[in-house]
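Derivation of every value follows stated rules applied to the coordinates shown; laboratory data play no part. It should be emphasised that the depicted structure is a prediction, and the values quoted were computed from it without experimental measurement. A quick note on method: Cβ atoms are made from the backbone with ideal geometry, for glycine too, and the neighbour counts reach across all protein chains shown.
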Amino acid sequence: MMWRAWLRPLTWLAVLLLATVGMSWLAPLFHWLQPDTRTVVYNRQDFLYLLWLHVELVFASGLAAALTAMIAGILVTRPGGRDFLPLASQIASIGQTFPPVAVLALSVPALGFGAAPTLVALGLYGLLPVLRNTLVGLDGISPTVLEAAKGMGMSPWQILFRIELPLASRVILAGVRTSVTINIATAAIGSTIGARTLGDPIIAGLINGNTAFVLQGAILIGLLALTTDSLFEAIQRRLDVRRGQSSVV
Amino acid sequence: MIELQGVTKRFGDRVAVDNLSLTVESGEVCVLVGSSGCGKSTTLRMINRLLPHDAGRILIDGRQIASFDPQTLRRGIGYAIQGTGLFPHWTVARNIGLVPRLLGWSPADIEARVTELLNLLGLPPETFAGKFPHALSGGQAQRVGVARALAGNPNILLMDEPFGALDAITRENLQQEMLRIQAQLHKTIVFVTHDIDEALRLASRIVVMHEGRVMQYDSPDVLLRRPANAFVENLIGSQDRGLKAAALRQVSELLDREAPTDDLSGEAPALLMEDTLRQALSLMFRHHRESLRVVDGNGDSVGVIRLSRLMAEGF
């Protein structure tokens, strides 16, 4: 039953959309949480609109990051680019130790406030997990397999697209998954530098001492992360099933 | 026919293959044998240009391999290696069909070829075609590896320790299988191994290599009878050389067809015509007999083999 693999992401998506549209239905709950506050549900901007902006930001930066990192990872593992391999893997590991907030803060002086610096910061930060996993994935392919492919008379392009990338796809996809999940959280911090995201209610809540606002932003970001993560898991499972590595779920 | 003329290969300062000349006739099984680092694999990998040679010429059917496009050259040469190198994300059928697909065969032709090869190697297509490599045993995977090497119907087959990672019983089965297939197909095979027994068993000619040079190039029989130098003598082992030589020949060669066989029936088992003289000697020792009955496939006596005759022959 192939469709069952998609059941979980679809369920989370439904919960996410329901929470986005129906946050005001939970007003009594938030009232009970904060009896002294007049406005308990964030109302400066529609949640659905914020969700859309958030997803757009993560998707655009994630796509650019994944493509750039994969191309870089492929280039430095080709005979012509081997010289840059140690440098690339160093950058990929050192970059991971930078806190995302620092990357955001550093891009403000360069690009000013708003969505642009957030996009760039997310893109740069998202590069690293994908680059690292592309290198690990391509490096992890058995030399015997590559020797056989070459010995059978496959061209370098055929080896790359029919053997190397399919075999590394699982690991690369895991890198994209990490990258996107981290950036869903990091994008929220973008609200501090003027990007409109689901971080807006959190920032507003922190400034005004309104815990309900913080909760609303956090719940939606959490649900978005769960939806995305389960989507990636479903894709990974599909890949496994196709190559017979696990039984059909 | 494969000709190597004065071929040299260096890795930095180290000379891996030193001015090597060798001719492998069509239909021959030429086994390169030697310890690791002797240049046997390097020699093999130069034939399909996985490694470039630094000096000398390599010719296939009279044409220099340098004149071919490397990919075209490799598609025309079967290649089987230790550990198989099967593509883990492809089914057995797709793995075997690789070279035909690269050669642009039609899907129907490829499918027919895959089925033919699976049958040839004793892997029922209905069971194995759809399997993935990780679901195969070591021996099955290696059979698929050999099938893949044969798929494009090449005249030449290069095999680099293909049975090296298998247990003794599986290895012996596959060696037998290979001899059976070779008797059918008559490919020109260059086979690399470090196992002298495997070499003696499979080869029509053996190349003993040491430090990039050929120590001796002869048929297994001649190699055992007249080793060219101390290195070869040491490699084939001075102690059991006689038994190794006996293993190369069949009972049918020294059979006495005239002798009466009636008094030989009894507890000692009979030999088949195609059993080796080594097996004959072993049975004689074990059952304290100086002669044994030889039977055909139906169990009917066809003659007698005698210890005295084996002794007279000498190995």
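Over every pair of different alpha-carbon atoms in segment A:47-243, take the mean of 1/r and invert it; report that Kirkwood radius in Å. Could you put the intermediate results ahead of the total?
Details: mean 1/r = 0.0552 Å⁻¹.
Value: 18.1 Å, from the Cα pair sum.
Given H placed 1.01 Å from N in the peptide plane, which residues other than close sequence neighbours of B:Gly303 have an amide H under 5 Å from its amide H?
Those lying under 5 Å, H to H, from B:Gly303 are B:Val294.
If you take the beta carbon distance between B:Glu233 and A:Leu67 as r and set R0 to 51 Å, what does 1/(1 + (r/R0)^6) give as a FRET efficiency, to the nearest 0.05? Intermediate values should be presented prior to the final figure.
On the way: r = 63 Å, r/R0 = 1.24.
Plugging the Cβ-Cβ distance into 1/(1 + (r/R0)^6) gives 0.20.
Taking Cα atoms, how many degrees apart are the long axis of helix A:199-208 and the longest axis of chain A, rounded to 10 and kept between 0 and 90?
40
What are the semi-axes of the equivalent ellipsoid of segment B:31-173, taken as the square roots of 5 times the eigenvalues of the Cα gyration tensor, listed largest first and rounded to whole Å?
On the way: eigenvalues 145, 84, 25 Å².
Working from the Cα gyration tensor, I get semi-axes of 27, 20, 11 Å.
Out of A:Pro79, A:Asn183, A:Ile172, whose Cα points farthest toward the positive end of the dipole of segment A:47-243 (charges: +1 Lys, Arg; -1 Asp, Glu; placed on Cβ)?
Value computed over the given set: A:Pro79.
In whole Hz, what ³J(HN,Hα) sequence does segment A:15-29 give by Karplus (6.51, -1.76, 1.60; θ = phi - 60°), x for Gly and Pro?
4, 4, 5, 4, 5, 5, 6, x, 4, 5, 5, 8, 3, x, 4
Select from B:Phe191, B:Phe163, B:Phe68 the residue whose mean-square fluctuation is largest in a Gaussian network model of chain B (Cα-Cα springs shorter than 10 Å).
B:Phe68
Taking θ as phi - 60°, what are the ³J(HN,Hα) couplings along segment B:215-228 by the Karplus curve (6.51, -1.76, 1.60), each to the nearest whole Hz, with x for Gly and Pro?
7, 7, 10, 8, 6, x, 4, 5, 4, 6, 6, 10, x, 6
If you fit an axis through the alpha-carbon atoms of helix B:138-150 and take the longest principal axis of the Cα set of chain B, what angle between them do you get, 0 to 90°, nearest 10?
60
Each label point is 7 Å from the Cα along the Cα-to-Cβ direction; what then is the distance between the points at B:Glu211 and A:Gln45, in nm?
In this crude label model, B:Glu211 to A:Gln45 measures out at 7.8 nm.
How high is the FRET efficiency from B:Glu290 to B:Asp221, r the C-beta distance, R0 22 Å, rounded to 0.05? Mind dumping the intermediate values first?
On the way: r = 25 Å, r/R0 = 1.15.
E(calc), rounded to 0.05, equals 0.30.
Amide H to amide H, which residues 5 or more places from B:Gln82 or on other chains are under 5 Å from it, using H placed in the peptide plane?
B:Asp160
In whole Å, what are the Cα extents of the protein assembly as shown along the three principal axes, biggest one first?
Projected onto the principal axes, the Cα atoms of the protein assembly as shown cover 118, 56, 45 Å.
If you average the C-alpha positions of segment B:9-46 and of segment B:49-87 separately, how far apart do those two centres end up, in angstrom?
Taking the Cα centre of each part, segment B:9-46 and segment B:49-87 sit 13 Å apart.
About the Cα centre, and with charges only on the beta carbon of Lys, Arg (+1) and Asp, Glu (-1), how big is the dipole of the protein assembly as shown? Nearest 20 debye, please. Provide the component values of the computation, followed by the final result.
On the way: 50 positive and 48 negative charges, 319 e Å.
The dipole of the protein assembly as shown has a size of about 1540 debye.
Could I have the simple spin-label model distance between A:Leu206 and B:Thr72, label points 7 Å from Cα toward Cβ, reported in nm to one decimal?
The modelled label-to-label distance comes out at 6.7 nm.
Which pairs in the list B:Lys131/B:Lys187; B:Lys187/B:Lys244; B:Lys40/B:Lys187 are over 23 Å apart, alpha-carbon to alpha-carbon? Could the numbers behind the result be given before it?
On the way: B:Lys131/B:Lys187 28 Å; B:Lys187/B:Lys244 25 Å; B:Lys40/B:Lys187 20 Å.
Beyond 23 Å: B:Lys131/B:Lys187; B:Lys187/B:Lys244.
Compute, for chain A, the length of the dipole vector about the Cα centre, with Cβ point charges of +1 (Lys, Arg) and -1 (Asp, Glu) only. Units Debye, rounded to 20.
On the way: 16 positive and 11 negative charges, 112 e Å.
Computed about the Cα centre, the dipole is about 540 debye.
Run the numbers on segment A:115-241 and let me know its relative contact order in percent, using alpha-carbon pairs under 8 Å that are six or more apart.
After rounding, I find 26 percent.
Treating the angle as unsigned and between 0 and 90°, give the value, to the nearest 10°, between the Cα long axis of helix A:165-189 and the longest Cα principal axis of chain A.
The angle comes out at about 20 degrees.
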